[in-house]
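Taking it in order: structure first as structure tokens, then the write-up.
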Amino acid sequence: MTEPQSGTAPAGKTADDPGLPFKGGTLVIAIMILALANFMAVLDMTIVNVAVPHIAGALAVSQDEGTWVITSYSVAEAILVPLTGWLAARFGAVRVFVLAAIGFGIFSALCGIATSLQMLVVFRVMQGVCGGPLMPMSQTLLVRVAPPERRNLALGLWAMTTILAPVAGPLLGGIFADGVGWEWAFYINVPVAAFCALIAWRMLGKHEAALIKKPIDFMGLTLLVVWVGALQIMLDNGEDKDWFGSPFIVALFLTAVVGFIAFIIWELTETDPIVDLRVFRHRGFAVSALTMLLTYGSFFGSIVLVPLWLQTNMNYTATWAGYLVAFNGAFGIVMAPIAGSLMARVDGRILMSIGIAIISFATLLRVFFALDMSFAQLLPPQLTLGLGMPLFFVPMTSLALAAVRPEETASASGLINFLRTMSGAFATAIVTTAWQNGTRVARADTVGHLNNAVGMIQKMRATGLSAGQALQSLDNLVQRQSVMLSTNHIFLVVGLILAAASAAVWLMPKPAAQLRPVAGH
């Protein structure tokens, strides 16, 4: 590892720090604090989604304008996540984590008291700037403080927060928006952030690693901001603006493509890149990244699609749709520590492949969803999904970080979390667009094959409906069935993609050893 420069390393604070790794109750508390901080940051990616109508109404703006509350956080977080390797080397992982948690709490409070959309968007950007480093820094510090024999179990518990947070987001957001007010979707972060920052500093402050004063890669940072910002804004606004029928979306697409290519070239040739893309030279990490894109994107797409379908087609409220989605975590809570313990005895590729296969099976169960299904009948796929996610996510996290050199762990963690964030954005855009387009196609096909429509209308009129009411009732029936067919089709395609991802896991090399201690970063 590069030697620290300018005397910036605190004395004795290296990988050989006698205070590390933690054990016993100290280790349990450290895992809980780091996992809780990660949960908080991931939660805010989805907690305001169902509250947008309430926020738009309170601030007197349209719902389209209100979606910038989501976009602003996503863009800022996506940009900061891959920078955490550089931030950890330059300022120290503990300092970055603690300052990020403090900033997250402050800007969460400011979001809650915002009196205009402009204020709220600015505060959400700053909240995303602080939230971005929390995810990879919590993961990096977890690897540092956990002993080798407990590391996979610790990562399993951490991974569960990543799985549960986007599930809990819509549920909590709906409860707050329908009950005490949308502001509490932000206020809830304040005590959590303060608690995590205080305990983390007291436990980890004296164990800060040696620092490396690297020059700031201003060009790489600028290119990252340009292409990620353009891509995220394009994905969030494409459906509303008819995608490539809009000059605005075309301009964003070209900016993202050109910016991305320039970013790749610059970072691969820069001596001190702000994002270390060289970690992709490790085949285990590259395949882990690929399976992350496919699997987490599919998982996140289901979190988006299922509540949409329930609310628009099954007359569920936002809160009850959140209740159903929350069952994803029922088995996940139990399976996470089991998956972590299995990592010590079973080839991680086997667990990953089985986990993705279970997720694929759960997704394919949804192909048989129908309009007359009860809440209880909708539960089996949700429970099965929760069974498979830890079996995939826990070994994926461990194998991805084990595939890189110890000094590359922070960069690898940042990139994995960045790909997870972007896969969620891609999945949301692709799923919602395909769902609406599929509904239109299914409606045209259903209308074309509708038998004896006149007779159906006459039967409805015989029940006391007027001609207009009968026609509207038939139209609603056709529309609901069209949405159902489109929903089933999307789950079929996603299930098959997941089946392919389950096989792709075996492109990874066999892991030679368990996850190693992290030195310096």
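The values are calculated or read from the model by the stated rules, or taken from the named source; none is laboratory data. Computed from a prediction, not measured in an experiment: that's the story for all the values here. Note that each Cβ is placed from the backbone with ideal geometry, even for glycine, and that neighbours are counted across all protein chains shown. Accessible surface is based on the protein model in full, side chains and every heavy atom, while ligands, DNA and RNA are left aside. Shrake-Rupley method; radii C 1.70, N 1.55, O 1.52, S 1.80 Å.
For every residue, the table says whether it meets (1) closer than 30 Å to Lys213 by Cβ; (2) touching a Leu at 6+ places or on another chain (Cβ under 6 Å).
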site	(1), (2)
Asp272	yes, no
Leu294	no, no
Ile303	no, no
Tyr323	no, no
Arg345	no, no
Ile354	no, yes
Ile359	no, yes
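Thr291 meets the conditions (1) surrounded by fewer than 20 Cβ atoms within 10 Å (Cβ to Cβ); (2) within 24 Å of the chain's Cα centre (by Cα) in every case but one. The failed one is (1). Taken over the stretch 208-228, the criterion of being open to solvent by less than 10 Å² (accessible area, probe 1.4 Å) and at pLDDT 80 or above is satisfied by Asp217, Gly220, Leu224, Val228. Does Leu415 meet the test of being buried (at least 24 other Cβ atoms within 10 Å of the Cβ) and either under 30 Å from Ile249 (Cβ atoms) or of a type in the set (Phe, Trp, Tyr) (or both)? Yes; evaluated as a whole, the condition is true for this residue.
All of (1) in contact with a helix residue (DSSP H, G or I) (Cβ under 8 Å, 6 or more places away or on another chain); (2) farther than 26 Å from Gln232 by Cα; (3) open to solvent by 10 Å² or more (accessible area, probe 1.4 Å) hold for Ala30 with one exception: (3). Inspect all residues belonging to the stretch 121-133 and state whether any of them is out of contact with any strand residue (DSSP E or B) (no Cβ under 8 Å at 6 or more places or on another chain), at pLDDT 90 or above and polar (S, T, N, Q). Yes: the stretch 121-133 contains one or more residues that are out of contact with any strand residue (DSSP E or B) (no Cβ under 8 Å at 6 or more places or on another chain), at pLDDT 90 or above and polar (S, T, N, Q).
Of all residues in the stretch 34-60 being more than 14 Å from the chain's Cα centre (by Cα) and under 12 Å from Trp158 (Cβ atoms), which is most open to solvent (accessible area, probe 1.4 Å)? Here the answer is Leu36.
In the stretch 399-410, the residue that is modelled with the highest pLDDT out of those that are assigned to a helix (DSSP H, G or I) and open to solvent by 20 Å² or more (accessible area, probe 1.4 Å) is Ala402.
For Ala362, the conditions (1) surrounded by fewer than 18 Cβ atoms within 10 Å (Cβ to Cβ); (2) aliphatic (A, V, I, L, M); (3) closer than 15 Å to Ile163 by Cβ are fulfilled apart from (1). Filtering the stretch 45-76 to residues that are part of a helix (DSSP H, G or I), hydrophobic (A, V, I, L, M, F, W, C) and under 30 Å from Glu407 (Cβ atoms) leaves Val75, Ala76. Do we find a residue being closer than 24 Å to Gly424 by Cβ, of a type in the set (Phe, Trp, Tyr) and open to solvent by 30 Å² or more (accessible area, probe 1.4 Å) anywhere in the stretch 61-82? Yes.
Is it the case that Thr115 is among the β-branched types (Val, Ile, Thr) and open to solvent by less than 10 Å² (accessible area, probe 1.4 Å)? Taking the combined requirement at face value, the residue does not satisfy it. Look at (1) part of a helix (DSSP H, G or I); (2) open to solvent by 10 Å² or more (accessible area, probe 1.4 Å) and you find that Leu465 fails only one, number (1).
Of the residues in the stretch 473-489, at least one is more than 30 Å from Gly301 (Cβ to Cβ) and touching a helix residue (DSSP H, G or I) at 6+ places or on another chain (Cβ under 7 Å).
Taking the stretch 333-359 as the range and being of a type in the set (Gly, Ala, Ser) and open to solvent by less than 40 Å² (accessible area, probe 1.4 Å) as the test, the residues that pass are Ala336, Ala339, Gly340, Gly348, Ser353, Gly355. When Gly448, Gly455 are checked against the criterion of being at pLDDT below 75 and open to solvent by less than 50 Å² (accessible area, probe 1.4 Å), Gly455 stands alone in meeting it. Only one of the numbered conditions (1) more than 18 Å from Ala256 (Cβ to Cβ); (2) assigned to a helix (DSSP H, G or I) is not met by Ile79, and that is (1).
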